[in-house]
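The values are calculated or read from the model by the stated rules, or taken from the named source; none is laboratory data. A quick note: this is a predicted structure, and the numbers were derived from the prediction, not measured. Cβ: placed from backbone, ideal geometry, glycine included. Neighbour counts: every protein chain shown. Each accessible area value is taken on the protein alone, full model and side chains, heavy atoms only, with ligands, DNA and RNA left out. Shrake-Rupley method; radii C 1.70, N 1.55, O 1.52, S 1.80 Å.
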Amino acid sequence: MVCPACGHPTKTLETRRSEGGAAVRRRRSCPGCGERFTTFERREALTVRKRGGRRQPFDRAKLLAGLVRACHKRDVDPRELEAIVAEVERQGRRDGGEIGAERIGLLCLQGLETLDRGAFLQFAGTLPEPIPADLENPRNYGASEGAVSVRSEEDAARSIPTGAKERARGDS
Ligand SMILES: [Zn+2]
């Protein structure tokens, strides 16, 4: 890195772990003019490619909040939702730091589908795209399926937008 004051190549004086290991902090010095400054090295931020082609920073908290909302009154372990978000981040980083909004939606649906059908349908109702054909029919749920009460199933169905509700009715 060159000196911000004079443009001369700089030397690293000290390298340290920072932010609990999430960043590397470097103290730098310029042999040309004596300027000293600090740089931080962090993992590249994840970018979301929106449906219109617009890009914005990936908002982990917002995605997690959306999943939590879909699981309202459902018997879903919050750690499972964290795992879905982590998978979205993993895929985005694998694809070079950018991920499409449709792909995020699909990954969330795939994750929810194995956890809870009601949460799956609820989340699907928040997406602009229809449910992908290969996810439309319920598959095998885990052992937790027995714990979902009929009452909460009805609650979820009531709050699902019309399109998804029709699909839900077909399932039951
Ligand atoms: Zn300098």
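Conditions (1) in contact (Cβ under 8 Å) with a residue 24 or more places away in the chain; (2) over 26 Å from Gly97 (Cβ atoms), marked per residue:
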position: His8; (1), (2): yes, yes
position: Arg16; (1), (2): no, no
position: Glu19; (1), (2): no, no
position: Gly32; (1), (2): yes, yes
position: Glu41; (1), (2): no, no
position: Leu46; (1), (2): yes, no
position: Arg51; (1), (2): yes, no
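If only residues of the stretch 21-30 that are touching a strand residue (DSSP E or B) at 6+ places or on another chain (Cβ under 9 Å) and without any contact (Cβ under 8 Å) to a residue 24 or more places away in the chain are counted, the one that is nearest to Arg90 (Cα to Cα) is Ala22. Against the list (1) more than 21 Å from Glu136 (Cα to Cα); (2) crowded, with 17+ Cβ neighbours inside 10 Å; (3) of a type outside the set (Asp, Glu), the condition Leu107 fails is (1).
Restricting attention to the stretch 81-104, the residues being buried (at least 21 other Cβ atoms within 10 Å of the Cβ) and over 25 Å from Ala133 (Cα atoms) number 0. Would you mind stating whether Arg28 is surrounded by 14 or more Cβ atoms within 10 Å (Cβ to Cβ) and within 16 Å of the ligand (Cβ to nearest atom)? Yes: the conditions hold for Arg28. Given the criteria within 16 Å of the ligand (Cβ to nearest atom) and open to solvent by less than 90 Å² (accessible area, probe 1.4 Å), does Gly7 qualify? Considered against the rule, which asks whether it is within 16 Å of the ligand (Cβ to nearest atom) and open to solvent by less than 90 Å² (accessible area, probe 1.4 Å), Gly7 comes out as yes.
Restricting the stretch 31-45 to residues that are under 25 Å from Arg94 (Cα atoms) and among the hydrophobic types (A, V, I, L, M, F, W, C), the residue that is most open to solvent (accessible area, probe 1.4 Å) is Phe40. Among residues of the stretch 57-80 being more than 20 Å from Glu44 (Cβ to Cβ), assigned to a helix (DSSP H, G or I) and touching a residue at least 24 places away in the same chain (Cβ under 8 Å), the one that is most open to solvent (accessible area, probe 1.4 Å) is Arg69.
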